[in-house]
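Peer 1: Mind having a look at this structure? Questions to follow.
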Amino acid sequence: MSELVLTRKSSRLFRELNTVVTVAAREITVFLKSPATAIMSLAMPLMMMGMIGGNLMQNMSGGLGFDFGEFMLVGMLVNMLFMITTMGMTSLVDDHDIDFNQEMLVSPVSRYSLVIGKIFGGSFAAIVSMTGTLIVGALMGITLPLGKLLLILALAPLMCLSGGALAMIAIGFIKNKKAANLAVMLVTMPQMFLSGAIIPINNSSGALLVLSRLMPMTYCLDLARAVVYAGTPEYGNIILFNPAVNFFTIAALTVICLVIGTFLFARSEKNR
């Protein structure tokens, strides 16, 4: 009897994993078949890192006590992961229009597997943008040691999942593509400035402090920078929280956003 139960559990787990992989593969295929999307994923870092970041480097890097270029590069890498993954979630609105969401939800698999597969599929474009950010950074003379870059890449799935889960809450309420794009920008742009992606927030106070602590990207950035600055004299001036606190906070916020967002998404499709 116990072997039968174990077999059924294993079969169900395999089915859920297969669902995640299948949905993610579909999103990657859609991305590869859209040259304009791929070009935008590479062009975004040029604007964000090259123009905004370059201007900040020239005007505010003096007197900080640490290398602003490296600080900004890590921030932009995490920001690209968040922004592009979040923007990719708006494709759920297109799937809504062609009834693809309905077809997925009636399948005998967990809704969370469908959503997680969607997020991981959308994160492929985010990795492409991350590559573009590294290229632009290299052209600006800013690089990261390979070992530390690999550690950031290892954390990338968690960061993409966090960003995608947050976007699901907005998508759960909106079924218009223009409104969805606007909602995503309202989710991502404040985080870029308030979470410390390009501007240090160590001395933030009042409402800005509260907002920054509510944003998942704050903890993702701090965790990524903890990896980069570990063992350096600048660590204490840059890092806000213990890496373990960052990791568990990211995990907790991701689970909360994923549960709420998936519920809202499934309910909106059910009430059509």
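The values are calculated or read from the model by the stated rules, or taken from the named source; none is laboratory data. The model shown is predicted, which means the values in this text are computed figures rather than measured ones. Don't worry about glycine lacking a Cβ; one is built from the backbone with ideal geometry, like all the others, and counts go over all protein chains shown.
Peer 1: With respect to the numbered conditions (1) of a type outside the set (Ser, Thr, Tyr); (2) buried (at least 18 other Cβ atoms within 10 Å of the Cβ); (3) part of a helix (DSSP H, G or I), which one is the sole condition not fulfilled by residue 179?
Peer 2: So the condition that residue 179 fails would be (2).
Peer 1: Contact list please: Cβ distance under 6 Å, first residue in region 189-205 and within 16 Å of residue 74 (Cα to Cα), second residue of a type in the set (S, T, N, Q) and not in a loop (DSSP other than H, G, I, E, B), pairs at least six apart or on different chains.
Peer 2: Listed pairs, sorted by first residue: 192/79; 194/212; 195/212; 195/218; 197/79; 201/212.
Peer 1: Then there is this: Mind checking which pairs have a first residue in region 70-84 that is β-branched (Val, Ile, Thr) and a second that is surrounded by fewer than 24 Cβ atoms within 10 Å (Cβ to Cβ) and outside any helix (DSSP H, G or I), Cβ under 9 Å, 6 or more apart or different chains?
Peer 2: From residues that are β-branched (Val, Ile, Thr), the pairs are 74/144.
Peer 1: Okay, next question. Cβ contacts < 8 Å: first residue touching a residue at least 24 places away in the same chain (Cβ under 8 Å) and over 8 Å from residue 81 (Cα atoms), restricted to region 120-133; second residue hydroxyl-bearing (Ser, Thr, Tyr) and assigned to a helix (DSSP H, G or I), any location; separation 6+ or different chain. Result?
Peer 2: 122/85; 122/91; 125/37; 125/41; 125/85; 128/41; 132/41
Peer 1: Now for a separate question. Keeping to region 41-88, report how many residues are in a helix (DSSP H, G or I), at pLDDT 75 or above and farther than 22 Å from residue 156 by Cβ. Spell out how you get there, then give the answer.
Peer 2: Initially, region 41-88 is screened for residues in a helix (DSSP H, G or I), giving 41-60, 68-88.
Checking the rest, the ones that are also at pLDDT 75 or above come to 68-88.
Add one more test, that the residue is farther than 22 Å from residue 156 by Cβ, and what stays is 68.
Count: 1.
Peer 1: Looking at residue 185, is it in contact (Cβ under 8 Å) with a residue 40 or more places away in the chain, within 18 Å of the chain's Cα centre (by Cα) and not in a loop (DSSP other than H, G, I, E, B)? Show your work before the answer.
Peer 2: Numbers: in contact (Cβ under 8 Å) with a residue 40 or more places away in the chain: no; within 18 Å of the chain's Cα centre (by Cα): yes; not in a loop (DSSP other than H, G, I, E, B): yes.
No: the conditions fail for residue 185.
Peer 1: Restricting to region 212-242, what's the tally of residues that are buried (at least 16 other Cβ atoms within 10 Å of the Cβ) and in a helix (DSSP H, G or I)?
Peer 2: 17
Peer 1: Which numbered condition trips up residue 144, out of (1) surrounded by 20 or more Cβ atoms within 10 Å (Cβ to Cβ); (2) not in a helix (DSSP H, G or I)?
Peer 2: For residue 144, the failing item is (1).
Peer 1: Could you pull out the residue among 142, 169, 119 that is closer than 25 Å to residue 247 by Cβ, out of contact with any strand residue (DSSP E or B) (no Cβ under 7 Å at 6 or more places or on another chain), at pLDDT below 85 and not hydroxyl-bearing (Ser, Thr, Tyr)? Talk me through it step by step, then tell me what you get.
Peer 2: Numbers: 142 fails: closer than 25 Å to residue 247 by Cβ; 119 fails: at pLDDT below 85.
Of 142, 169, 119, the one residue that is closer than 25 Å to residue 247 by Cβ, out of contact with any strand residue (DSSP E or B) (no Cβ under 7 Å at 6 or more places or on another chain), at pLDDT below 85 and not hydroxyl-bearing (Ser, Thr, Tyr) is 169.
Peer 1: Tell me which residues, restricted to region 195-211, are part of a helix (DSSP H, G or I) and surrounded by 14 or more Cβ atoms within 10 Å (Cβ to Cβ).
Peer 2: So the first thing to find is which residues in region 195-211 are part of a helix (DSSP H, G or I), and the list is 206-211.
Result: 211, single match.
Peer 1: Among 250, 239, which is among the aliphatic types (A, V, I, L, M) and in contact with a Cys (Cβ under 9 Å, 6 or more places away or on another chain)? Walk me through how you get there before you give the answer.
Peer 2: Numbers: 239 fails: in contact with a Cys (Cβ under 9 Å, 6 or more places away or on another chain).
None of the other options fit; the residue is 250.
Peer 1: Residue by residue through region 182-191, note down the ones that are closer than 15 Å to residue 210 by Cα and buried (at least 19 other Cβ atoms within 10 Å of the Cβ).
Peer 2: Keep residues of region 182-191 that are closer than 15 Å to residue 210 by Cα, which gives 190-191.
Across region 182-191, the qualifying residue is only 191.
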